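To start, the structure itself, in structure tokens.
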Amino acid sequence: MDAMTSTDHNLKTTPKASKRSGYRVPVVLHLMVLPAVLLVFVFSYLPMGGIVMAFQDYKASLGFTGSPFVGLKHFRYMFENDYFMKITMNTLIFACSKIILNLIVPFSFALLLNEVRHMGFKRSIQTMVYLPHFLSWVTLSGILIDLLGQTGVANQLLTFLFGIKPIFFLGDGTWFRLTIIFSDVWKEFGFNTIIFLAALSGINPALYEAAEVDGASRMKQTLHITIPSLTPILIVVATLALGSVLNANFDQVFNLYSPMIYQQGDIIDTFVYREGLLSGQFSFATAVSLFKSMIGLVLIIISYRLAYRFAGYRIF
């Protein structure tokens, strides 16, 4: 009887205990994520109230409530402005080139690095190529300015080795675009390679063993096993990158460009900075930034749809 009573008591109390503990864990987890939620709310959601400036002739002395409402005036001026179309084209050239090369170069490098059999050498190379990712563009811009200046190391080597006249890398529009694109790829490709190396580690080794038994060479194994296995993650990365097609890296361009190459080097973000903070055209700068954000939102939605359709990737 005592044993039965004890068993009945345990059966009655166990659900209550599990129910109580079931409520404790989510509360703790929500408290852990609370600081991040507050940061996002304060720095991402509260500033959205400033969107109203895009539809006003905003004056700081009058504030949001006192500034006159002008409707779509700034948006009409934006689309009628030839220079805005120019900087939009510059932004697309920079962003699309970076997206394409930041897919091709890391993908190719991951395939090459996967063929290295000496683990110490492999890890050393991987560490060296992704270290630039952790340097800020302020630091790297200073290095690039010194290296690519007309009296810099790069021009001195070109003159000494090939007899080429100094190239104005940061003052000529064409060379400036190439410098922006390739310096970004150099900085980021090592870190982006990690994604593909992680995908490579998930490939079943039995596939390679079966291919070796059938007499397949390393090249054929790469073509028929490695590349097809990496294709889904490549599709995911490519489609998700569409959301940043209007982000040409403000930090990089701002620290390297100058007024002499505005026509070829100015992008939407640097234009918004000059119009809004330097010229005080807050309403027009807000309209331009809002237009860019809306295009980015549409592209992000499309990219997630594409990623789910072609690679089965989804967040929700």
Tell me, what is the Rg over Rh of the chain, with Rh the Kirkwood radius over Cα pairs? 1.12
Please express the shape of the range 99-164 as an equivalent ellipsoid: the semi-axes are the square roots of 5 times the eigenvalues of the C-alpha gyration tensor, given largest first in whole angstrom. 29, 17, 13
Considering the dipole of the range 73-311 built from charges on the beta carbon (Lys and Arg +1, Asp and Glu -1) around the Cα centre, which of Phe310, Met78, Thr193 is farthest to its positive end? Phe310
Spatially proximal aspartates and glutamates relative to Lys220 (Cα-Cα < 16 Å; intrachain offsets below 8 disregarded): Glu115, Glu209, Glu212
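First compute the accessible area of the chain with a 1.4 Å probe, then give the percent of it belonging to carbon and sulfur atoms. Intermediate values should be presented prior to the final figure.
Working: 13540 of 19600 Å².
Taking all protein chains in place, the chain shows 69 percent carbon and sulfur surface.
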Could you work out how far the C-alpha centroid of the range 186-219 sits from that of the range 99-133, in angstrom? 12
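Give me the Kirkwood hydrodynamic radius of the range 207-316, using the inverse of the mean 1/r over all pairs of distinct Cα atoms, in Å to one decimal.
Taking the inverse mean of 1/r over all distinct Cα pairs, the range 207-316 comes out at 17.5 Å.
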Which value, in debye to the nearest 20, gives the size of the charge dipole of the chain about its Cα centre, when Lys and Arg are +1 and Asp and Glu are -1 at the Cβ? 660
Going by average Cβ neighbours within 10 Å, how do the peptides 169-178, 28-37 rank, with the highest at the top? 169-178, 28-37
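The values are calculated or read from the model by the stated rules, or taken from the named source; none is laboratory data. These numbers come from a predicted model, not from an experiment. Ideal geometry is used to build each Cβ from the backbone, glycine not excepted, and the neighbour counts take in all protein chains shown. Side chains are part of the model used for accessible areas, which takes the heavy atoms of the whole protein and leaves out ligands, DNA and RNA. Shrake-Rupley method; radii C 1.70, N 1.55, O 1.52, S 1.80 Å.
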